[in-house]
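Trainee: Shown below is the structure under consideration.
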């Protein structure tokens with residue numbers, strides 16, 4: 001489970017990157033806002049390896065990934081966002097969050113190797129399980145619930 | 001590899017210099033963002049080539065005249081650092097200016113990149129103003 005300090009850093013970096021990269025704004029999340037309708041979710045994950053090793057994951061409702069891609073690319077409302085574009089945008093968002101996170105946690109002198117982000121589709125049941133797990137930080141991004149987590153351990 | 005043809009920039013009745021730019025990044029989204037940022041920054045573009053990893057980037061440099069390369073570090077197949085090392089081994093590519101665009105924040109790694117001849121380092125997300133300044137610094141002033 002993340003400690004309080006890491007949760008605070010993750011929270012601040014997440015809000016900052018959503019705002020700077022996608023012009024989407026974060027807010028605190030009320031418990032009832034974690035309940036979403038049907039639909040599926042997307043999870044992006046990437047690993048890191050330096051003085052510590054671990055991974056960072058973000059889970060979003062599929063609908064927000066489309067908005068995310070449109071905002072990053074500066075698309076007009078009538079321009080279609082293809083599913084692969086939405087996945088790519090989510091991977092790039094996570095890449096940027098993780099890069100910032102590494103500097104905030106380990107400092108500017110540390111050398112950290114990052115893996116290539118990967119994405120997967122999650123069901124509503126998977127989402128509910130993650131919400132209950134307490135391993136994820138839940139935030140509100142433009143009225144959408146978003147889960148993000150940092151898992152870290154001593155390098156083996 | 002993809003390329004985008006643009007009209008040569010005009011200045012009054014004559015033509016101004018326009019540049020061939022290569023963008024090497026595994027994210028199509030980021031390649032699009034960099035391309036759009038170059039347009040917004042007013043950089044006069046002739047061709048914008050795209051490659052999704054270092055290997056494709058090297059091939060594009062060998063097949064085309066490139067004035068400036070924007071490259072990511074963390075890519076599959078061949079990463080940005082390996083690509084720069086291969087460029088240094090090639091007489092024709094060794095002096096091609098490279099700007100790294102990455103989420104990398106390690107001063108140690110950034111210093112290593114500068115030692116390998118990288119001309120500038122931009123941390124994502126980038127802005128048109130930063131891109132404009134970097135292009136002008138490396139390729140010289142241009143009329144907007």
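The values are calculated or read from the model by the stated rules, or taken from the named source; none is laboratory data. Quick caveat, the model's predicted, so the values are computed rather than measured. Glycine gets a Cβ as well: all are built from the backbone with ideal geometry, and neighbour counts include every protein chain shown.
So that you can scan it fast, the table gives a plain yes or no per residue for (1) touching a residue at least 12 places away in the same chain (Cβ under 8 Å); (2) more than 16 Å from residue B:132 (Cα to Cα):
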| residue | (1), (2) |
| --- | --- |
| B:20 | yes, no |
| B:25 | yes, yes |
| B:35 | yes, no |
| B:40 | yes, no |
| B:60 | yes, yes |
| B:63 | no, yes |
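Trainee: Scan the stretch B:30-41 residue by residue and report those that are surrounded by fewer than 22 Cβ atoms within 10 Å (Cβ to Cβ) and at the interface with another protein chain (Cβ under 7 Å from one of its Cβ atoms).
Mentor: B:32, B:36 - these are the residues of the stretch B:30-41 that are surrounded by fewer than 22 Cβ atoms within 10 Å (Cβ to Cβ) and at the interface with another protein chain (Cβ under 7 Å from one of its Cβ atoms).
Trainee: Here is a check on your reading of the model: is residue A:90 more than 7 Å from every other protein chain (Cβ to nearest Cβ) and either in contact with a helix residue (DSSP H, G or I) (Cβ under 9 Å, 6 or more places away or on another chain) or in contact (Cβ under 8 Å) with a residue 24 or more places away in the chain (or both)? Reasoning before the result, please.
Mentor: Details: more than 7 Å from every other protein chain (Cβ to nearest Cβ): yes; either in contact with a helix residue (DSSP H, G or I) (Cβ under 9 Å, 6 or more places away or on another chain) or in contact (Cβ under 8 Å) with a residue 24 or more places away in the chain (or both): yes.
Considered against the rule, which asks whether it is more than 7 Å from every other protein chain (Cβ to nearest Cβ) and either in contact with a helix residue (DSSP H, G or I) (Cβ under 9 Å, 6 or more places away or on another chain) or in contact (Cβ under 8 Å) with a residue 24 or more places away in the chain (or both), residue A:90 comes out as yes.
Trainee: I've got another one for you. Go through the stretch A:103-135 and report how many residues are in contact with a strand residue (DSSP E or B) (Cβ under 6 Å, 6 or more places away or on another chain), modelled with pLDDT of 90 or more and not in a strand (DSSP E or B).
Mentor: Residues flagged as in contact with a strand residue (DSSP E or B) (Cβ under 6 Å, 6 or more places away or on another chain), modelled with pLDDT of 90 or more and not in a strand (DSSP E or B) within the stretch A:103-135 amount to 5.
Trainee: Here is a further query. Please work out which residue is farthest from residue A:103 (Cα to Cα), limiting yourself to the stretch B:98-141 and to residues that are more than 14 Å from every other protein chain (Cβ to nearest Cβ), surrounded by fewer than 18 Cβ atoms within 10 Å (Cβ to Cβ) and in contact with a strand residue (DSSP E or B) (Cβ under 8 Å, 6 or more places away or on another chain).
Mentor: Looking at the filtered set, the residue picked out is B:139.
Trainee: Next up: Could you list, in sequence order, the residues of the stretch A:101-119 that are surrounded by fewer than 23 Cβ atoms within 10 Å (Cβ to Cβ) and within 7 Å of chain B (Cβ to nearest Cβ)?
Mentor: Pass one, the stretch A:101-119, residues surrounded by fewer than 23 Cβ atoms within 10 Å (Cβ to Cβ): A:103-116, A:118-119.
Result: A:103, A:108, A:109, A:110, A:111, A:112, A:114, A:116.
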